[in-house]
Amino acid sequence: LARVGLERVIGVTTALPAGARRLPQVSVRELAERLASGAIAQVIDVRRPAEYATGHVPRAVAAELGPSLGANPALGSFDREQTTAVICAGGYRSSAACGLLRDAGFVKLVNVAGGTRAWLASDLPIERA
């Protein structure tokens, strides 16, 4: 919680509130396999532009995490009904981004566990901006 700015926590619960939905997670290996098979055709990289430029998942579109993420022009051609993977450096920002994207109408989101760091550590192919 401290990583996302919540430092004064007074309690926790393991129960999900009514209406809450779990966010599917995929490993970087599973993402690579699903990209190759066409099961996932859309990837949103929510890191800062400088991070994206150093290397990213092939075909990933840069759309920096922020309050207006769902309205980012880079996502205008995305099919909001298709399965969309969301990735950041390690998995925290992409989890938050999935909530914003869901609010913007994306219905099939998956978070990439471990993020780009795990992708690079697995020696998977990268593109550079």
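List the residues of segment 79-109 whose backbone N lies under 20 Å from a point placed 7 Å from the Cα of Ala129 along the Cα-to-Cβ direction.
Label zone hits: 85-98, 101.
Can you give me the accessible area per residue for segment 51-129, using a 1.4 Å probe, in Å²?
47
For Ala113, what charge total do you get from the other residues with a beta carbon under 12 Å from its beta carbon, if Lys and Arg give +1 and Asp and Glu give -1?
Around Ala113, the surrounding residues sum to +1.
Report, in deg cm²/dmol and to the nearest 500, the calculated mean residue ellipticity at 222 nm for the chain, where each DSSP H run with n ≥ 4 adds -39500 (n - 2.57) and the sum is divided by the residue count.
-7500 deg cm²/dmol
Measure nothing but the geometry: give the 0 to 90° angle between the long axis through the Cα atoms of 92-103 and the longest principal axis through the Cα atoms of the chain, rounded to 10°.
Computed tilt is about 80 degrees.
Can you check what the net charge comes to around Val57, using other residues whose Cβ is under 10 Å from the Cβ of Val57 (Lys, Arg +1; Asp, Glu -1)?
-1
I'd like the orientation of helix 28-37 relative to the chain: the angle between its Cα long axis and the longest Cα principal axis, in ° from 0 to 90, rounded to 10.
Between helix and principal axis, roughly 50 degrees.
Ignoring any ligand, DNA or RNA, what whole percent of the accessible area of the chain comes from carbon and sulfur when the probe is 1.4 angstrom?
It is 54 percent, rounded to a whole number.
7 Å from Cα along Cα→Cβ at both Ala39 and Gln82: what's the point-to-point distance in nm?
Between Ala39 and Gln82, the label points sit 1.7 nm apart.
Once R0 is set to 25 Å, what does the formula 1/(1 + (r/R0)^6) return for the Cβ-Cβ distance between Asp103 and Arg48, expressed as a FRET efficiency to the nearest 0.05?
0.70
The values are calculated or read from the model by the stated rules, or taken from the named source; none is laboratory data. Here the structure is a predicted model, which is why all the values come from computation and not from measurement. Methodologically, a virtual Cβ is constructed for each residue, glycine included, from the backbone with ideal geometry; neighbour enumeration extends over all protein chains shown. Note: areas computed on protein heavy atoms with side chains; ligands, DNA, RNA excluded. Shrake-Rupley method; radii C 1.70, N 1.55, O 1.52, S 1.80 Å.
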